[in-house]
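K.L.:
Structure below; questions to follow.
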Amino acid sequence: MSDETPPVEIPSVDITVDGETVAARPGELLIDACERTGTYIPRFCHHSRLEPVGMCRMCLVEVDTGRGPALQPSCMLPCTPGMVVDTESERTRKAQDGVLEFLLVNHPLDCPVCDKGGECPLQDQTMAFGPGESRFVEEKRHFEKPIPVNENVHLDRERCILCDRCTRFAGEVAGDQLIHFMDRGGQTQVNTFPEQPFASYFSGNTVQICPVGALTAAPYRFKARPWDLEEVESTSTLDSVGSRISVQSSRDRVLRFQGVDADAVNWGWLSDKERFVFEAYDHADRLATPMLRGDALGNRAPDGDALVAAPWSEALGVAADALSAAPADRLAVLGGARLTNESQYAWAKLAKGVFGTDHVDAQLGDGLPAEVVLGLPRATIDRACTPGGTIVLLGPDPKEELGALFLRLRHAVVHDGATLVELTPRRTGLSAHAAHSLRVLPGGAADAVSAMFGGGSPAGAAGLSAEALAAAGATIAAAVAEGRPVTVLVGRPSLAEAAGPVVDAALALHDHLPEAAFLSLLRRGNVHGALDMGLAPGLLPGRVTLADASGVSSVWPTVPTDRGHDAIGILEAAAAGEVDVLVLLGADVLADVPDRDLAERALANAGTVVAVDLFGTPTVARADVVLPAAAPTEVDGTFTNLEGRVSVVARKVTAPGTARPDWAIAVELADRLGTDLGFGSVDDVLAELAAVSPIHAGITPEALAASVREGVLVEGRTALARPDRTEVPVNDAYGLRLVADRSMYDVGVLVAHSPSLAGLAPGAVAGFEPSDLSRHGLAEGEVVDLIADRGTVQVAVASDPGVARGTVHLRVNQADVDAGRLIDASAPVTGIRVGRR
Amino acid sequence: MSWFDAARERTARDILARYPKPRSAVIPLLHLAQEQEGWVTPAAMAEIAELTGTTPAEVLGTGSFYEMFKFHPVGTHLVNVCTNVSCQLLGGEELLHHVESTLGVKAGGTTDDGVFTVEDVECVAACTEAPCFTVNYRYFHRADAGTFDEVVADIRAGRSPIERGAAGDAGDLPVHGTLGRVRQQVPDDRRAGVVPPEQVEGAPSWMATMSPAASPSVSPDGADAGEGAS
């Protein structure tokens, strides 16, 4: 909002369009200038987020640049002073007629059975600008139809008009040029290389931008007609980018998500995971009724080994009894990143203001301390992607975790001259374009940072040469000297490395580069909203600490005074039998807590476990009380993305069974405990939030409605906490360090319940740097034991030149191999020995 | 392990070194791959993609534009019979029928012994010498069934049929895919100064003369790029 630079006076270029003078921007394409000023020129190939290509010729208009009027493609023509344009002249109409007739020569005209019919630019423009009938009586081109180009995208080459949009997207935007024009000439077609599918995380975007029905997405094929769809603009809550989406439904079922072009956020692009995850929300396995422990016959039995359906009143009663019996210090709330801001606020008020406990954490031991995320200067995506800026990546691979952000970053680095410096333990999706891509050993990032800026040993740090580090440092220093913005992307590069070493490195960067701003790469849904709402130990709504309770003290019954445990601390306390009631807000601790053993012990030894969730996950199966919650397509509310941008989440369909919004569950529980939270609607919660949190004072329904597309940026920092530096043990010559990171597709509950995505999880292999492979005498494909202090897993070995020497790479949350068995949450790094079988 | 054999691997590296952008080498490398196997195999395209920093889809997309790159196995001798207007008027169609019945394959097919592939092609730019056919792109002018039978007999007997072809042709008829007897070798010190496109400053030298503020027509670094001698 206010961190944007003030509008610069842009000189304008006056052109004449259909007799009226309009002001174009210098360098602006004629087609864009006309559209911006209210004259729509028909087009197929032109797309504002892709390079112009002039492929379809539909945008021919008559242009006079002083040499007499001539037909020119307006998508390839930058505006020049004095240009006279006629978009409705006789010749223009004739050209449009001719181009459309030409495009339709080989088009099968199978509109009645085509999914695009009704929202098809070719259909619409043929009606608006076309000749109405075809003179072409010869045989059309024939292709096999449709062919799958990957698991989710089908290609009908007969319908294709060769606009080059999908192939340009694949190459320019996603960087996965796996589809291309083949057999150019009379048989030109889009296709993949034989046996090499369009395996891109972003393939669904090609379906959305296809101007005809050539590309269709399997989940939507033959599901609905566009005129039967209702849509509402909302925010993707899958990851913390908060991409804007259009939720489209028919007969109370969501049938697809489409990307919406929010200039500050996702530019209209979505990862396939964001796009197809709606299937999970619509899945028959959704929890639809509360459950309590019972026996196999379905009877209630407090010690039963099954879960049986129960009415809300009974389930809430059991939960309330357990909660009221437990002292505040023995209550804990874990999770909440899936919730909307309003639900998070309601739960924060319930946990901290009614229960009085501060053992509350929305992160599950896989994030960063809230005071660091909220205390470092915050960056926006636009700042990170400033043309000519510098980006330092100290975190996970954005391509695997935050797809839409990856596309923005890739655009900045590849097309806008941004400089990328990577300090990561493994090659990322951006490494090919990085100015300096440094492989840092787990635990070594802070040393690497100080070596970059002239501290530390001349021999280098973290397995890196002093020259490479100095060169990277010099690049950043030069950017600072020239006043170009430096943005650090900070997150957990590996779940087998504690937050401490990453925090140390981030603080070192902050110390060396006080001008640098930080963009958090915490991934899980609305986790930044959770931090802002106080679902973190020591924090209250509005990015303030417990010491600053002035905002909430007047409306909350109580406020905890002592800082509580974080997630790992809560789980350790639960494992030690010190937690009487553990509330899990969409927290699948058995899958999401990096330390599997700790999660198991915590669930086994916690008193009453109350799970509020969408699905019967393995964690939920072990709960005593299960309360079904409404999914993001079923609730109204707001979402806070990784920049702190608040945008609207809109309800489109009804929740299954009796599932309720999380905030309403909090209100009901409070009621049972004799407290009125004071909320009757989402707007009530928002109003209270605005009253207690000064930084949220501007977040009103009116403000959100006025900026529905871009959202409203919430600014404000917590005092920066400086945890003690984490001491990292020295790696011995034979040991390896584990790098355990996430991949786009895993066996997580949402992916597993999205049929389109479930088969895409790559599985786990142990990636070794090739020289480590030979040093340990291992052969690719061989199954070995990876032995850590905590446990052992068996996994096949693979050679991976992208990992740092001295590390083993393993994807977490994959079928068959449970990397969490190796990880000890209390250790800064995870050492691995390799055992031959 | 490279897909190319050892000698061609060296040639491939040499070709790559000629260009400021590796992707510029796609077409020369496709030629090299076709020379090795007689056609461009999927494995070759994967290798070329690797060498040029592109994807196999881009390599196939680029190569499939060109008629003379074959993406399916072809015989060692590719017989192209022209049936375009001039040849057709003077018996091209009849010649094609003769070729098909002699070899026992239809146009587009390859004989079982893998020696001949027959193609029905458009104009091969020898209208004055119609009807015309080519074998591995060597011309046989004013051909009739008898000419073709002699050429086939020569090839089957291991003799070169070249002297039956266009006037002045002599020597061997190399198998399909062969590029040339002499490899182009440009020593490093003889290479014209290649400037990556993004480092080019100013207008090209040939354009300078068109502008009123003409600058001397040399390339920006002052070297005469045409000679390349240093």
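K.L.:
Identify the single condition in (1) on the phi < 0 side of the Ramachandran plot; (2) open to solvent by less than 50 Å² (accessible area, probe 1.4 Å); (3) assigned to a loop (DSSP other than H, G, I, E, B); (4) in contact with a Phe, Trp or Tyr (Cβ under 6 Å, 6 or more places away or on another chain) that A:Gly118 does not satisfy, given that it satisfies every other one.
P.N.:
It fails just one condition, (1).
K.L.:
Looking at A:Lys94 and the list (1) farther than 30 Å from A:Arg408 by Cβ; (2) assigned to a helix (DSSP H, G or I); (3) open to solvent by less than 60 Å² (accessible area, probe 1.4 Å), which single condition is not satisfied?
P.N.:
So A:Lys94 meets the others, but not (3).
K.L.:
Are there any pairs, at least 6 apart or on different chains, whose C-beta atoms fall under 6 Å, with the first in the range A:134-145 and touching a residue at least 12 places away in the same chain (Cβ under 8 Å) and the second surrounded by 10 or more Cβ atoms within 10 Å (Cβ to Cβ), and if so, which?
P.N.:
Matching pairs, first to second residue: A:Ser134/A:Leu104; A:Phe136/A:Val105; A:Lys140/A:Asn106; A:Arg141/A:Asn106; A:Phe143/A:Arg157; A:Phe143/A:Glu158; A:Lys145/A:Asp156; A:Lys145/A:Glu158.
K.L.:
Moving on. Among the numbered criteria (1) within 14 Å of chain B (Cβ to nearest Cβ); (2) modelled with pLDDT of 95 or more, which single criterion is violated by A:Val241?
P.N.:
Result: A:Val241 fails condition (1) only.
K.L.:
Only one of (1) within 14 Å of chain A (Cβ to nearest Cβ); (2) over 25 Å from A:Gln189 (Cβ atoms) is not met by B:Lys21, so which one is it?
P.N.:
Going through (1) within 14 Å of chain A (Cβ to nearest Cβ); (2) over 25 Å from A:Gln189 (Cβ atoms) one by one, B:Lys21 breaks only (1).
K.L.:
Something else about it: Take the residues in the range A:753-765 that are touching a residue at least 40 places away in the same chain (Cβ under 8 Å) and not in a loop (DSSP other than H, G, I, E, B), then tell me which one is nearest to the chain's Cα centre (by Cα).
P.N.:
A:Leu757
Let's see how each residue does on (1) under 23 Å from A:Tyr40 (Cα atoms); (2) touching a Leu at 6+ places or on another chain (Cβ under 9 Å); (3) within 14 Å of another protein chain (Cβ to nearest Cβ):
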| residue | (1), (2), (3) |
| --- | --- |
| A:Asp97 | yes, no, no |
| A:Leu100 | yes, yes, no |
| A:Pro121 | yes, no, no |
| A:Glu144 | no, no, no |
| A:Asn150 | no, yes, yes |
| A:Arg159 | no, yes, no |
| A:Asp164 | yes, yes, yes |
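K.L.:
Within the range A:67-91, can you find the residues that are among the acidic types (Asp, Glu) and assigned to a loop (DSSP other than H, G, I, E, B)? Full working, then the answer.
P.N.:
So the first thing to find is which residues in the range A:67-91 are among the acidic types (Asp, Glu), and the list is A:86, A:88, A:90.
Result: A:Glu88, single match.
Each row is one residue, and each column tells you yes or no for (1) part of a loop (DSSP other than H, G, I, E, B); (2) touching a Ser or Thr at 6+ places or on another chain (Cβ under 6 Å); (3) within 14 Å of chain A (Cβ to nearest Cβ).
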position: B:Gly61; (1), (2), (3): no, no, yes
position: B:Tyr66; (1), (2), (3): yes, no, yes
position: B:Phe71; (1), (2), (3): yes, no, yes
position: B:Asn80; (1), (2), (3): no, yes, no
position: B:Gln88; (1), (2), (3): no, no, no
position: B:Glu94; (1), (2), (3): no, no, no
position: B:Ala125; (1), (2), (3): yes, no, no
position: B:Thr128; (1), (2), (3): no, no, no
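K.L.:
Can you tell me which residues in the range B:44-59 are within 9 Å of chain A (Cβ to nearest Cβ) and open to solvent by less than 30 Å² (accessible area, probe 1.4 Å)?
P.N.:
Hits for the range B:44-59 are B:Met45, B:Ala49, B:Thr54, B:Thr55, B:Pro56, B:Ala57, B:Glu58, B:Val59.
K.L.:
Another one. How many residues does the range B:146-184 hold that are assigned to a loop (DSSP other than H, G, I, E, B) and in contact with a Phe, Trp or Tyr (Cβ under 9 Å, 6 or more places away or on another chain)?
P.N.:
Looking only at the range B:146-184, we keep the residues that are assigned to a loop (DSSP other than H, G, I, E, B), and these are B:158-161, B:165-184.
From what's left, in contact with a Phe, Trp or Tyr (Cβ under 9 Å, 6 or more places away or on another chain): B:161, B:165-166, B:169, B:176-177.
Adding up the residues that qualify gives 6.
K.L.:
Scan (1) in contact with a Ser or Thr (Cβ under 6 Å, 6 or more places away or on another chain); (2) within 14 Å of chain B (Cβ to nearest Cβ) for the single condition A:Ala170 breaks and write down its number.
P.N.:
Here A:Ala170 clears every test but (1).
K.L.:
Give, as residue ranges, the helices (runs of 4 or more DSSP H) completely inside the range A:445-534 that count at least 3 residues that are open to solvent by 10 Å² or more (accessible area, probe 1.4 Å).
P.N.:
Because the criterion is at least 3 residues that are open to solvent by 10 Å² or more (accessible area, probe 1.4 Å), the helices (runs of 4 or more DSSP H) in the range A:445-534 that meet it are A:445-452, A:466-481, A:499-512.
K.L.:
Going residue by residue through the range A:159-169, is there one that turns out to be modelled with pLDDT of 95 or more, within 26 Å of the chain's Cα centre (by Cα) and part of a loop (DSSP other than H, G, I, E, B)?
P.N.:
no
K.L.:
Across the range A:44-72, what is the total count of residues that are surrounded by fewer than 24 Cβ atoms within 10 Å (Cβ to Cβ) and under 15 Å from A:Pro121 (Cα atoms)?
P.N.:
3
K.L.:
When both residues are 6+ apart or on different chains and their Cβ atoms are under 8 Å apart, which pairs have a first residue that lies in the range B:60-77 and is more than 21 Å from B:Ile155 (Cα to Cα), and a second that is among the polar types (S, T, N, Q) and open to solvent by less than 60 Å² (accessible area, probe 1.4 Å)?
P.N.:
B:Phe69/B:Gln34; B:Lys70/B:Gln34; B:Phe71/B:Ser64
K.L.:
Please state which one of A:Ala346, A:Ala351, A:Ala337, A:Ala332 is buried (at least 24 other Cβ atoms within 10 Å of the Cβ), touching a His at 6+ places or on another chain (Cβ under 7 Å) and at negative phi.
P.N.:
None of the others qualify; the one that does is A:Ala332.
K.L.:
Scanning the range A:733-751 for residues that are in contact (Cβ under 8 Å) with a residue 60 or more places away in the chain and open to solvent by 40 Å² or more (accessible area, probe 1.4 Å), which turns out nearest to A:Asp382 (Cα to Cα)?
P.N.:
For the range A:733-751, the residue satisfying everything is A:Leu750.
K.L.:
Only one of these is part of a helix (DSSP H, G or I) and among the hydrophobic types (A, V, I, L, M, F, W, C): B:Val105, B:Val99. Name it.
P.N.:
Numbers: B:Val105 fails: part of a helix (DSSP H, G or I).
Sole residue among the options that is part of a helix (DSSP H, G or I) and among the hydrophobic types (A, V, I, L, M, F, W, C): B:Val99.
K.L.:
Look at B:Thr41 and say whether it is crowded, with 20+ Cβ neighbours inside 10 Å, over 25 Å from B:Ala126 (Cβ atoms), of a type in the set (S, T, N, Q) and not assigned by TED's automatic domain parsing to the domain that holds B:Phe133. It would help to see each step written out before you state the result.
P.N.:
Values: crowded, with 20+ Cβ neighbours inside 10 Å: no; over 25 Å from B:Ala126 (Cβ atoms): yes; of a type in the set (S, T, N, Q): yes; not assigned by TED's automatic domain parsing to the domain that holds B:Phe133: yes.
Spelling it out, it is not the case that B:Thr41 is crowded, with 20+ Cβ neighbours inside 10 Å, over 25 Å from B:Ala126 (Cβ atoms), of a type in the set (S, T, N, Q) and not assigned by TED's automatic domain parsing to the domain that holds B:Phe133.
K.L.:
Has the range B:132-139 got any residue that is out of contact with any His (no Cβ under 7 Å at 6 or more places or on another chain), closer than 20 Å to B:Trp39 by Cα and in a loop (DSSP other than H, G, I, E, B)?
P.N.:
The answer is yes, given that some residue of the range B:132-139 is out of contact with any His (no Cβ under 7 Å at 6 or more places or on another chain), closer than 20 Å to B:Trp39 by Cα and in a loop (DSSP other than H, G, I, E, B).
Matching residues to (1) modelled with pLDDT under 95; (2) more than 38 Å from the chain's Cα centre (by Cα):
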position: A:Gly68; (1), (2): yes, yes
position: A:Leu71; (1), (2): no, yes
position: A:Pro81; (1), (2): yes, yes
position: A:Val84; (1), (2): no, yes
position: A:Glu88; (1), (2): yes, yes
position: A:Cys111; (1), (2): yes, no
position: A:Gly117; (1), (2): yes, no
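K.L.:
Scan the range A:177-196 for residues that are more than 7 Å from chain B (Cβ to nearest Cβ), touching a helix residue (DSSP H, G or I) at 6+ places or on another chain (Cβ under 9 Å) and surrounded by 15 or more Cβ atoms within 10 Å (Cβ to Cβ) and jot them down.
P.N.:
A:Val190, A:Asn191
K.L.:
Looking only at residues in the range A:197-235 that are hydroxyl-bearing (Ser, Thr, Tyr) and open to solvent by less than 30 Å² (accessible area, probe 1.4 Å), which one is nearest to the other protein chains (Cβ to nearest Cβ)?
P.N.:
A:Ser200
K.L.:
Here's a follow-up. Being surrounded by fewer than 22 Cβ atoms within 10 Å (Cβ to Cβ) and closer than 23 Å to A:Leu339 by Cα is the filter here, so list the residues in the range A:567-587 that pass it.
P.N.:
If the condition is that a residue be surrounded by fewer than 22 Cβ atoms within 10 Å (Cβ to Cβ) and closer than 23 Å to A:Leu339 by Cα, then A:Gly569 is the only one that fits.
K.L.:
Let me confirm something: among A:Val795, A:Val834, A:Val817, which residue is open to solvent by 30 Å² or more (accessible area, probe 1.4 Å) and over 19 Å from A:Ala498 (Cα atoms)?
P.N.:
A:Val834
The values are calculated or read from the model by the stated rules, or taken from the named source; none is laboratory data. Everything numeric in this text was worked out from a predicted model, so none of it was measured. Positions of Cβ are generated from backbone atoms using ideal geometry, with glycine treated the same way; all protein chains shown enter the neighbour counts. Ligands, DNA and RNA are excluded from the accessible area calculation, which covers all protein heavy atoms including side chains. Shrake-Rupley method; radii C 1.70, N 1.55, O 1.52, S 1.80 Å.
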